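Mind looking over this structure? Questions follow.
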Amino acid sequence: MNVRIAGTGSYLPVKTLSNDDLSKIMDTSHDWIVQRTGIHQRHIAAEGELTSDMATKAAEKALKAANVSADDIDFIVCATTTPDLTFPATAVTIQAKLGLKKDSFALDVQAVCSGFVYALSVGNNFIKAGQGQKGLIIGAEKMSSLLDWTDRSTAVLFGDGAGAVVIEATKEEGILSTHLHSDGTLCDILKTSGGAAQSEHVGKVTMEGRAVFKHAVIKLAQSVEEALSHNNISADDIDWFVPHQANERIIDAVADRLGFPLEKVIKTARNQANTSAASIPLALDDAVKNGKIQKGDLVVIDALGAGLSWGSALIKW
Ligand code: ACO
């Protein structure tokens, strides 16, 4: 049995914050941000708008695109590092908001910016192990609540949003392989300044930007190469490269190392910034809606985030 992606959906909050808006509240400039990251604006959740609200909207659209009803969904895996509450999992709130059947189950996966690749791998394995036929895989983040708005080195990089895909069992091809990695010895270069056990508050994002950049370029390229060699194919066989949208400099450097022409690379960082676990499903939905990704295409997704954690997946659309 294989597992395929049957539909995509996404949601971005209405409010946007431009680089010029940011330059009014911190010592930064549009030119600095664009030159270093390619980011022009980010979406910011409204007051009271929760991660589960954004996730539910993205999931409803994915269900519609897949022509699947909420009653048919056996499980939800939600990747998020900005849960509504410390517990329960945001996925169970989404389960209730979508009105899923009583014998469905829902859980969160915490792998920060790699979260969607991890969640897709978990959902793929649930179906392959016979623990369901259809699942919702969601990446949803309210990163604005985790930022120190006085720290220009991190606050300019992130945005809010959610993306979702419906996965289902199929006899055709679908998710061809997933590849996950983490290295906890690198946990200090990107982390929050607090957490329930350590400080009784969630903390704010702290980062050694240059170190993260260096690891991102090397490890993102390696994990795509791993997916290619595992499936005995080359970069030329790939129709679309959909990387985590940390910033355009990282994406361009990875595409260059792998030999992907930029026409094959999906980029959304310019208008969405880094939405952590939401960035890949947001980019997938963007590419599907714009008629880029078509049935039968070979798509490789790739992400790196705090942990460090990283991974890739090769998908026959
Ligand atoms: N506006 C203006 N100046 C700034 C800003 C800002 N927003 N932020 C930092 N600076 C200043 C610094 O203070 C420093 O000034 P100094 O030379 O007077 O000390 C100067 O700019 C250079 O700072 P660096 O941190 O060395 O700048 P760098 O060229 O490395 O760019 C950046 C910083 C964009 C964060 C880069 O390191 C990067 O992209 N790193 C990857 C981080 C990332 O994407 N993290 C997201 C989470 S992980 C992931 O998703 C992969």
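The values are calculated or read from the model by the stated rules, or taken from the named source; none is laboratory data. As the structure is a prediction and not an experimental result, all values here were calculated from the model. Backbone-built Cβ (ideal geometry, glycine too); neighbour counts: all protein chains shown. Just so you know, the surface numbers come from the protein's heavy atoms only, side chains and all, with ligands and any DNA or RNA stripped out. Shrake-Rupley method; radii C 1.70, N 1.55, O 1.52, S 1.80 Å.
Out of the residues in the stretch 293-310 that are away from the ligand (no atom under 16 Å from the Cβ) and over 14 Å from Lys264 (Cα atoms), state the one that is least open to solvent (accessible area, probe 1.4 Å).
Top of the filtered list is Gly296.
For the stretch 68-81, check the following and say yes or no: at least one residue is within 17 Å of Leu284 (Cα to Cα), at pLDDT 95 or above and surrounded by fewer than 17 Cβ atoms within 10 Å (Cβ to Cβ).
no
From the list Thr28, Thr16, Thr37, which residue is over 14 Å from Leu136 (Cβ atoms), of a type in the set (S, T, N, Q) and buried (at least 19 other Cβ atoms within 10 Å of the Cβ)? Break it down stepwise before answering.
Numbers: Thr28 fails: buried (at least 19 other Cβ atoms within 10 Å of the Cβ); Thr16 fails: buried (at least 19 other Cβ atoms within 10 Å of the Cβ).
Within the list Thr28, Thr16, Thr37, the selection yields Thr37.
Out of Asp237, Asp256, Asp286, I need the residue that is on the phi < 0 side of the Ramachandran plot, out of contact with any strand residue (DSSP E or B) (no Cβ under 8 Å at 6 or more places or on another chain) and not hydrophobic (A, V, I, L, M, F, W, C). Which one?
None of the other options fit; the residue is Asp256.
Restricting to the stretch 213-252, and then to whatever is closer than 24 Å to Thr154 by Cβ and open to solvent by 40 Å² or more (accessible area, probe 1.4 Å), can you tell me which residue is nearest to the ligand (Cβ to nearest atom)?
Per the stated criteria, the residue is Phe213.
While we're looking at this one, here's another question. Right, Thr56: open to solvent by less than 50 Å² (accessible area, probe 1.4 Å), of a type in the set (Val, Ile, Thr) and within 14 Å of the ligand (Cβ to nearest atom) or not?
In short, no.
Search the stretch 60-74 for residues that are under 12 Å from Gly99 (Cβ atoms) and of a type in the set (D, E, K, R) and pair each with any residue that is open to solvent by 20 Å² or more (accessible area, probe 1.4 Å) and part of a loop (DSSP other than H, G, I, E, B) when their beta-carbon atoms are under 7 Å apart and the residues are at least 6 apart or on different chains.
Filtered contacts from the stretch 60-74: Asp71/Lys101.
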